[in-house]
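Colleague: Below is a structure I'd like to ask you about.
The values are calculated or read from the model by the stated rules, or taken from the named source; none is laboratory data. The shown structure was predicted, so the numbers you read here are calculated from the model rather than taken from an experiment. Every residue, glycine as well, gets a Cβ built from its backbone with ideal geometry; the counts of neighbours run over all protein chains shown. Just the protein is used for accessible areas: all its heavy atoms, side chains included, with ligands, DNA and RNA removed. Shrake-Rupley method; radii C 1.70, N 1.55, O 1.52, S 1.80 Å.
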Amino acid sequence: MATRLLQRVNSKQAALFVCDLQEKFSKNIKYFPEIVQVTRRLIQASTILDVPIIATEQYPKGLGHLVPELGIKELNIPVYDKTCFSMCANDIMSDLEKRQIHEIILCGIEAHVCIYQTCLDLLNRGYTVHVVADACSSRSMTDRIVALKTLQQAGAYLTTSESMILGLVGGSDHPKFKEIQKIIMESAPDTGLLAHL
């Protein structure tokens, strides 16, 4: 059986995808406040390191907008409306191609629907996908865990937010390491994965 080499994230070729962390989902998604908090850390790190960020809202007319705790509005991050589950709409994909992005850091909800379909679409288009497990969730832990395991089998890399953030800087010699260190000084909150992976 052939083994696949693990690939480190390349911050110069990566983008952060923030998927559908909207108001209407806040009461139904497992560990929603913690997922938002972890995603906020990824957004902060990506902003400091000039990693492009793309966010989506699933049918915002009915499901509301991204929760303000993410800080998306203040940072002028582009937000795309969508009705299909995948984030791989034509306008988003053409934006990635213009920027020569080859790796996607993926977080948001729901793991077994929009994250799942986005990840498969990206893999099928030849992108390297890093799914941030502690920044993805679903309404049920069963759906969440099975989706994460299936995506790993499909070729995505499962990672954690802190591992990803430190992977983006690569070492303490990075000129922005001290700024990044402030984000991770306090550990990320528990998002319920320990007993399930």
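Colleague: Out of the range 1-19, which residues are open to solvent by less than 50 Å² (accessible area, probe 1.4 Å), modelled with pLDDT under 95 and in contact with a strand residue (DSSP E or B) (Cβ under 8 Å, 6 or more places away or on another chain)?
Modeller: Matches in the range 1-19: 9 only.
Colleague: In this structure, does residue 51 turn out to be touching a strand residue (DSSP E or B) at 6+ places or on another chain (Cβ under 6 Å), part of a helix (DSSP H, G or I) and either surrounded by fewer than 15 Cβ atoms within 10 Å (Cβ to Cβ) or among the hydrophobic types (A, V, I, L, M, F, W, C) (or both)?
Modeller: No, not satisfied.
Colleague: Kindly indicate the residue of the range 14-44 that is touching a helix residue (DSSP H, G or I) at 6+ places or on another chain (Cβ under 8 Å) and of a type in the set (Lys, Arg) and also nearest to residue 169 (Cα to Cα) among those meeting that condition.
Modeller: 41
Colleague: Tell me which residues, restricted to the range 164-197, are within 22 Å of residue 141 (Cα to Cα) and either modelled with pLDDT of 95 or more or open to solvent by less than 70 Å² (accessible area, probe 1.4 Å) (or both).
Modeller: 188, 189, 191, 192, 193
Colleague: Does any residue in the range 56-72 that is free of Cβ contacts under 8 Å to residues at least 40 places away in the same chain come within less than 6 Å, Cβ to Cβ, of a residue that is part of a helix (DSSP H, G or I) six or more places away or on a different chain, and which pairs are these?
Modeller: So the pair list comes out as 69/36.
Colleague: Okay, moving on. With the requirement that a residue be surrounded by fewer than 22 Cβ atoms within 10 Å (Cβ to Cβ) and of a type outside the set (D, E, K, R), what does the range 30-42 give you?
Modeller: 31, 32, 33, 37
Colleague: Residues that are in contact with a His (Cβ under 7 Å, 6 or more places away or on another chain) and surrounded by 16 or more Cβ atoms within 10 Å (Cβ to Cβ): find the strands (runs of 3 or more DSSP E) completely inside the range 72-148 holding 1 or more of those.
Modeller: 103-109, 128-137
Colleague: Let me ask you something else. Just checking, which of 26, 46 is surrounded by fewer than 20 Cβ atoms within 10 Å (Cβ to Cβ), touching a residue at least 40 places away in the same chain (Cβ under 8 Å) and hydroxyl-bearing (Ser, Thr, Tyr)?
Modeller: Of the residues listed, the single one that is surrounded by fewer than 20 Cβ atoms within 10 Å (Cβ to Cβ), touching a residue at least 40 places away in the same chain (Cβ under 8 Å) and hydroxyl-bearing (Ser, Thr, Tyr) is 26.
Colleague: Additional query: From the list 179, 162, 186, pick out the single residue that is part of a helix (DSSP H, G or I), within 21 Å of residue 46 (Cα to Cα) and over 17 Å from the mean Cα position of the chain (by Cα).
Modeller: After ruling out the rest, the residue left standing is 179.
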